[in-house]
Amino acid sequence: MSKGGIPQVVDNHGAADFSRLMTVPQSEDLIDQAFRKGRKAQAPKGAPGEAGKNRELARVGAASRTFESRLHRVIRSFPNLDELHPFYHELVDVLVSVDDVKQHLGAVSWARSRIQSIRSDIEKRIRAAENNHEIMLARKEAYGRMASIVTDISDDLAELAKIRYELAGIPTLRIDQPTLVIAGYPNVGKSSLLTEITRATPQIAVYPFTTKGVHIGHRDHRHHQVQILDTPGILDRPMDERNPIEQQAILALRHAADTILFLLDPSGHCGYPLDAQTNLLNEVKTLFEDTTILTVENKSDLETTGEHPAISVTENEGLEAITENALDAAVDAFNERWQPF
C-alpha cells in the first residue's frame, strides 16, 4: 500500500523493501520542472485591475508547490530509520550510515520549509504591490530565492540518490517467517548450496568474496515458507577488523537467524585452513549461544574429518537430509519465538 502515491518501504514488522525507494530528483531537474509549472499556471479570474497580481500569484504558487511536493516525496519515500527492524537498521548503518541519511533528509526538509516561507512572504508582497513593476520584481525574487535554496541542497540530493542505489540491493527479509542462515568462510560453498536447495540464483565463482551482500532464497516446509539467507564470507578475525561485507553477515546472524547452518571445507580448497574455520565456528557459537547451529562439512567428495555430517554440493550428495534437518530446526525455533504469551 501507499500514502499519497508514495510506496511504503517498511511493513508493520519493521521489515523493509528498499527496491520500492523512489528515484531522487536532482536540483537542476527540480528547478526546471518547477519553473515550467510556473510558466503554465493559469490565473483565476478576479476583479478588474487584479489580472497582473493573479497571474504572478499563480506562477509563484505553482512553482513553490512543485518544489514542496517533490521534496516532500523525497522525504516520505525514505523510511523512518528508527522504526526499522534491527536487522535493517544496522545493515543500513553499515552500508551508508544512518546518521548520514538523516542529515541529508534533514537538509531536504529544511529546504522545503524555507520554500514554503518564501512563498508566503512573496504572496503578501504581491498582494500589497501598487504596480506591475513591483509585482514582477516580487515574482522574480521568489524564483531566484527558491532556486538558490534548491541549489544549496544539490549535494544532499546527489548523496540521497547514491544512498538509494546502495540500499536498493538489500534483500527483503520477512520478520514473520522462519529464517535459516548459511554461514562460514568465503568459498566454502554457501552460494552453491543456496542455489541447489532454493529458487535463488546468487552470483557464484571460485574466488573469495563473490557474495557481495546477503541473498535470500525460499523453500516451503511444514506449512511455512522458510527464508534461507546466503551470507558473505566472514573471516576469522576480531569484529572491529571486519570489513562492511563481513559485517553484513554478522548482522544477518545476529538479527535474522532462527537456525544457522555453518559450512566447513576440510579440503582447504576454499583457501583457508580448517583450524581457522573451526575457530570462526567457535566464535559464532559463543556469539549466538541461544541459536541452534548445525555444522556441516562440504566437499565430501574431496575430504572429510568424520566429525560432522558431510555433503557435496557439486555431487549432490547428502543435501536432502541435511536440508530437511536444517529446515525443521528453523521452523521449530521460529514457532517457539512466535508463541503467544
Among (1) farther than 30 Å from A51 by Cβ; (2) touching a helix residue (DSSP H, G or I) at 6+ places or on another chain (Cβ under 9 Å); (3) hydrophobic (A, V, I, L, M, F, W, C); (4) free of Cβ contacts under 8 Å to residues at least 40 places away in the same chain, the one test that L194 misses: (2)
Take the conditions among the hydroxyl-bearing types (S, T, Y), within 27 Å of Q8 (Cβ to Cβ) and surrounded by fewer than 21 Cβ atoms within 10 Å (Cβ to Cβ) and apply them to T179. Does it pass? no
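Being modelled with pLDDT of 95 or more, out of contact with any Phe, Trp or Tyr (no Cβ under 7 Å at 6 or more places or on another chain) and part of a helix (DSSP H, G or I) is the requirement here; does L71 meet it?
yes
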What number of residues in the range 85-102 are in contact (Cβ under 8 Å) with a residue 40 or more places away in the chain and of a type in the set (K, R)? 0
Candidates K37, K45, filtered to the one that is out of contact with any strand residue (DSSP E or B) (no Cβ under 8 Å at 6 or more places or on another chain), without any contact (Cβ under 8 Å) to a residue 40 or more places away in the chain and outside any helix (DSSP H, G or I): K45
Which residue, of D121, D100, is within 30 Å of A249 (Cα to Cα) and part of a helix (DSSP H, G or I)? D100
Criterion (polar (S, T, N, Q), under 28 Å from D332 (Cβ atoms) and without any contact (Cβ under 8 Å) to a residue 60 or more places away in the chain) met by exactly one of Q248, Q225: Q225
One residue is enough: does the range 23-33 have a residue meeting the conditions among the small types (G, A, S) and surrounded by fewer than 19 Cβ atoms within 10 Å (Cβ to Cβ)? no
Answer residue from the range 150-169, given it is touching a residue at least 24 places away in the same chain (Cβ under 8 Å), surrounded by fewer than 20 Cβ atoms within 10 Å (Cβ to Cβ) and not charged (D, E, K, R) and is farthest from N80 (Cα to Cα) among those: T151
Residues of the range 153-189 being in contact with a Pro (Cβ under 9 Å, 6 or more places away or on another chain) and assigned to a helix (DSSP H, G or I), which ones? L157, A161
Go through the residues of the range 257-279 one by one and say whether even a single one is surrounded by 17 or more Cβ atoms within 10 Å (Cβ to Cβ), of a type in the set (G, A, S), out of contact with any Cys (no Cβ under 9 Å at 6 or more places or on another chain) and under 11 Å from A183 (Cβ atoms). yes
Please verify whether the range 161-181 includes one or more residues that are among the hydrophobic types (A, V, I, L, M, F, W, C), farther than 30 Å from A330 by Cα and out of contact with any Asp or Glu (no Cβ under 6 Å at 6 or more places or on another chain). yes
Pairs where the first residue, in the range 307-319, is surrounded by 17 or more Cβ atoms within 10 Å (Cβ to Cβ) and the second is among the basic types (K, R), C-beta under 8 Å, 6+ apart: S312/K299; V313/K299
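The values are calculated or read from the model by the stated rules, or taken from the named source; none is laboratory data. Owing to the predicted nature of the structure, the values given are computational and were not obtained by experimental measurement. Please note: Cβ atoms are built from the backbone with ideal geometry, for glycine as well, and neighbour counts cover all protein chains shown.
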